[in-house]
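Below is one structure, written out as structure tokens; comments come after it.
The values are calculated or read from the model by the stated rules, or taken from the named source; none is laboratory data. Quantities reported herein were computed from a predicted structural model and do not represent experimental measurements. Quick reminder, even Gly has a Cβ in these numbers, built from the backbone with ideal geometry, and neighbours come from all protein chains shown. For accessibility, only protein heavy atoms count, side chains too; no ligands or nucleic acids. Shrake-Rupley method; radii C 1.70, N 1.55, O 1.52, S 1.80 Å.
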Amino acid sequence: MSWLLVALGGAVGAPLRYLTDRAVQARHGAGLPYVFPWGTFTVNAAGSLVLGVLTGATVSTPLHALLGTGLCGALTTYSTFSYETLRLAETGRGFLAGANVVVSLLVGLGAVFLGAELAGGF
Amino acid sequence: MSTREPPPGRPSVDPDVDLSVPAQRAETAGAGRWRVLAVIAAGGALGATARYAASLAWPVAEGAFPWTVFGVNVTGCALIGVLMVLLAERDGAAHPLVRPFLGVGVLGGFTTFSTYAADVSKLLVRQEVATAMAYAAATAVAALGAVWAGAVSTRALLDGRRAS
């Protein structure tokens, strides 16, 4: 049962990341291809916030499989984040690469804490 | 606008989708939209399920260093490095659904940022500050090292094959 819920959450989370990334790029990226990867930053922050809410609310195991492991897990990504950081560094944007790592981590942590607080605390 | 295009033969910054690449910008136009979204969904389901399987195979105690998610994220980063160099090498000749399925779907769904951030937060709440810091830093360093090693070694292999 959990397997199906994780798969279902993943099947929704990954396209949601793709569509969000497109929407964010369409807003921010017009004419500026190599700027900060805001799309991935947005999904990682949003997914961390939702996972924080699920952690704070101590949801049931099946709901956590669907929304936490599946949806938030697939909505957020470390592979895309790392690859973007590498590309920023390789294209002479070392500062943006470093900023991407530090800001993503701090905002991700903040989002988890905020979400947990909103849902009643850790 | 020529400055919007990534250098030829070089992948763009965002492997999920880069709207400055005309073929990727057009992915959601027309009837092909549902095919792209369907392969991303299928890949995401596979990737997330594989991550879940890893978490069952190698469970980690509360308060301990989350080795399983660490390994998942580092592995996925090495693989995206390999994949994106292979796709750039084909210079648009690869099947248009390969990047959406493997890159956006499978690897994006396999790796996770939210679980990473939540695990660091939980360790901090448990006052396991040293483990939290070590995990946060080790994942970032190992993931970046893995994506770099994957990309560089694949480029070297391809260059070697071309030279011989």
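Where residues in region A:70-100 are of a type in the set (A, V, I, L, M, F, W, C), open to solvent by 30 Å² or more (accessible area, probe 1.4 Å) and without any contact (Cβ under 8 Å) to a residue 24 or more places away in the chain, which of them is farthest from the other protein chains (Cβ to nearest Cβ)?
So in region A:70-100, the residues of a type in the set (A, V, I, L, M, F, W, C) come out as A:71-72, A:74-75, A:81, A:86, A:88-89, A:95-97, A:99.
Applying the additional criterion that residues be open to solvent by 30 Å² or more (accessible area, probe 1.4 Å) yields A:71, A:89, A:95-96.
Going one step further and asking which of them are without any contact (Cβ under 8 Å) to a residue 24 or more places away in the chain, we end up with A:89, A:95.
On the way: A:Ala89: 8, A:Phe95: 14 Å.
Top of the filtered list is A:Phe95.
Check whether at least one residue in region B:17-29 is at pLDDT 95 or above, within 22 Å of B:Leu86 (Cα to Cα) and either within 7 Å of another protein chain (Cβ to nearest Cβ) or part of a helix (DSSP H, G or I) (or both), and report yes or no. Step through it out loud before you land on a result.
Just the residues of region B:17-29 that are at pLDDT 95 or above, to begin with: none.
No - not one qualifying residue is present in region B:17-29.
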Do we have any residue at all in region B:35-50 that's at the interface with another protein chain (Cβ under 7 Å from one of its Cβ atoms), at pLDDT 95 or above, under 22 Å from B:Val152 (Cβ atoms) and under 15 Å from the mean Cα position of the chain (by Cα)?
-> no
Mind checking whether some residue in region B:51-68 is modelled with pLDDT of 95 or more, under 29 Å from B:Ala38 (Cβ atoms) and of a type in the set (D, E, K, R)?
-> yes
Do the conditions hold for B:Leu79, that is, is it open to solvent by 40 Å² or more (accessible area, probe 1.4 Å), at negative phi and of a type outside the set (Lys, Arg)?
-> yes
Residue under evaluation A:Leu54, criteria (1) within 7 Å of chain B (Cβ to nearest Cβ); (2) open to solvent by less than 40 Å² (accessible area, probe 1.4 Å); (3) in a helix (DSSP H, G or I), criterion not met | (1)
In region B:12-27, residues that are open to solvent by 30 Å² or more (accessible area, probe 1.4 Å) and either within 18 Å of the chain's Cα centre (by Cα) or not aliphatic (A, V, I, L, M) (or both) total 2
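From the list B:Ala42, B:Ala64, pick out the single residue that is in a loop (DSSP other than H, G, I, E, B), open to solvent by 30 Å² or more (accessible area, probe 1.4 Å) and not β-branched (Val, Ile, Thr).
On the way: B:Ala42 fails: in a loop (DSSP other than H, G, I, E, B).
Within the list B:Ala42, B:Ala64, the selection yields B:Ala64.
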Which condition breaks for B:Lys122 when tested against (1) of a type outside the set (A, V, I, L, M, F, W, C); (2) over 26 Å from B:Glu62 (Cα atoms); (3) within 9 Å of chain A (Cβ to nearest Cβ)?
-> (2)
Can you tell me how many residues in region B:56-76 are touching a residue at least 40 places away in the same chain (Cβ under 8 Å) and closer than 14 Å to B:Leu102 by Cβ?
-> 1
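Before we move on, is B:Leu86 touching a residue at least 60 places away in the same chain (Cβ under 8 Å), within 22 Å of A:Tyr83 (Cα to Cα) and in contact with a Lys or Arg (Cβ under 8 Å, 6 or more places away or on another chain)? Break it down stepwise before answering.
Details: touching a residue at least 60 places away in the same chain (Cβ under 8 Å): yes; within 22 Å of A:Tyr83 (Cα to Cα): yes; in contact with a Lys or Arg (Cβ under 8 Å, 6 or more places away or on another chain): no.
No: the conditions fail for B:Leu86.
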What do you reckon, is A:Glu117 acidic (Asp, Glu) and more than 10 Å from every other protein chain (Cβ to nearest Cβ)?
-> yes
In region A:32-47, is there at least one residue being more than 7 Å from every other protein chain (Cβ to nearest Cβ), over 15 Å from A:Val101 (Cβ atoms) and outside any helix (DSSP H, G or I)?
-> yes
